[in-house]
Every structure is written in structure tokens, then in C-alpha cells.
Amino acid sequence: MTLHRTARTVLLAGAAVLPALAAVHAAPVVSTFGPLRNRFMPRLSGQGRAGHAALTFDDGPDHLSTPHFLRLLDAHRVHATFFLLGSMAVRSPALVREMTAAGHEIALHGWAHRPLLVRGPAATYDDLARAHDTVTGITGVPPRLFRPPYGVMTAGTYLACRRLGLTPVLWTTWGEDWRKRATPASVHDTVARDLRGGGTILLHDSDCTSATGSWRNTLGALPRILDTCHERGLEVGPLGEHGWPDPAHRGSGRTPALRMP
């Protein structure tokens, strides 16, 4: 009877602890709400120096679409930050090296585009570490920045970033360019609506997780977005020229071991 009662007590205690642990894991999800994040979490939102707008792209590199963006950016003499998926980077290593050689900033978007909210700390770390080591092996330079899929942060994500020397950064304005109903005009207008000095723009250079062909709307909107930034007196560039991450950021000093699929 005593053993039975002890086991029951342990089970009840575990049942009480599990929801608490889940709540702790999910607590950072509040940062997904843009207006709240922009107001109370400016650094996580990617807010930098006032006269600058950071231009960022997610979900690449894509050998079908990313080269078009590289040519357009080169024509406008603009550099950007590309948040790469490890699963895409390993398919096009030469393209990743081309992006680096062109002066663009390479950052991480994880290995697979899956919500980290449904992953525990260990699985989250494995995903980020695999992407981190793969991109480092391709470029020779450890990435410093990370943007989670869907912009959803968790406690496990923060822990993984800390271990890998990564700084998480989201955005202040986006183009909603992944939608099937998006057009070049809608992408521009959606970005321009919340475009402010010091803001970070989120676009996509690949449709691997978006509506098929959606990258063409982004590409069509990009020249006008750049013009609007200049009309508002904003210099456009990568997050590294945005006052982000903090100059004091030095990373974890972790020596990566290349992990290939």
C-alpha cells in the first residue's frame, strides 16, 4: 500500500509539473505578436539605428529564385541579410558562397522550416546546430544571427541560441509576400505601411514554404520598396550595418563540427 501511494504521489506531481514546463517553454511565443514585440522588445524586433532600414530575406537559398534577387540587389548596390535554411543551403553550397562573396550577410533560419513550439529543447538545439555547422562549413564563417520559422520563439530556442552564440532577431515590417493573393503592389504597400527608420524588413527569396511562384511578387516589389526607403531618407543594408547585433557580441566560441545529412 505504501509503495502504491508513493507511486501515485509521484504521478500526480509529474502531472502537475508537465503543464508548468510546457508553459515555460511556450512563454516567449508572446513575442510573435508584432505590435507588442515592436513596442516592448525592440532589439528582438530588429530595431536599429534611426537612419537605416535592414533588408532581410528568409527561406533560401533557392537556385531558381535567389540569383534573381542577387542580380537586382547588385544593380541597386544594396546588401541584405539572408536567413538560410540549412536544408536548402546544403543543396546549393556554391550559391551560398556566391552570396557571401557578393557581400551579403548570411544568417540562420534553422535546418527545417518547422515551428519550434512543437519541439523540445534537445530537438531545437539539434536543428539549429545542424544548420549552424553546415553553413559554417560552406562559408568558413560562423553565422551570428538566427530567425525562427514563423517568428515563434521558445525557451528552448533561447537556450540553443545562447549555446551556439546566435542572436535571435525578428522584424518590424513584412510584405506578407508568401500569400497566394499577394501582388507586387500589395507586397510594397504592406511593407511601407509599417516602415520606420531603424526598422527591419522581412521578405522571402524562395517559395519553398510559400505559395508557388510567390517570390516573383517579392522580386517585382523590391525596386519600389528600395525607392520608398530612399524617399524616406533611409539607408538600406544588412543587419550587420544596422547596429545589430550589439558590437559587444562575440558568440559562444564554440568550434563547429560539420554535420552533413
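Pull out a ≥ b ≥ c, the square roots of the eigenvalues of the alpha-carbon gyration tensor of segment 48-128, then state rounded if a/c is under 1.5, prolate if not and a/b is larger than b/c, and oblate in the remaining case. In terms of gyration-tensor shape, oblate.
Neighbour counting of Cβ atoms within 10 Å sorts the residues 83, 146, fewest neighbours leading, into 146, 83.
Please compute the volume of the convex hull spanned by the alpha-carbon atoms of segment 50-241 and report it per residue in Å³. It would help to have the intermediate numbers written out before the result.
Numbers: hull volume 20.1 nm³, N = 192.
Value for segment 50-241: 104 Å³ per residue.
Remark: C-alpha extents of segment 143-242 on the principal axes read 41, 34, 20 Å, sorted largest to smallest.
Taking the fewest neighbouring Cβ atoms within 10 Å as the starting point, the ordered list for 208, 229 is 208, 229.
Arranged by the count of other C-beta atoms within 10 angstrom, fewest first, what order do 92, 206 take? Please list the in-between numbers first.
Values: 92 20, 206 26.
Neighbour counts put them in this order, fewest first: 92, 206.
Computed from label points 7 Å out along Cα-Cβ, the spacing between residue 98 and residue 193 is 3.5 nm. With both labels modelled 7 Å from their Cα along Cα-to-Cβ, the residue 74 to residue 50 distance reads 3.7 nm. Label-to-label distance, residue 231 versus residue 183, with points set 7 angstrom from Cα along the beta-carbon direction: 1.7 nm.
No value in this document is a laboratory result; all are computed from the given coordinates. Predicted model, so just to flag it, every value in this text is computed and none were measured. Glycine also receives a Cβ, built like all others from the backbone with ideal geometry; neighbour counts cover every protein chain displayed.
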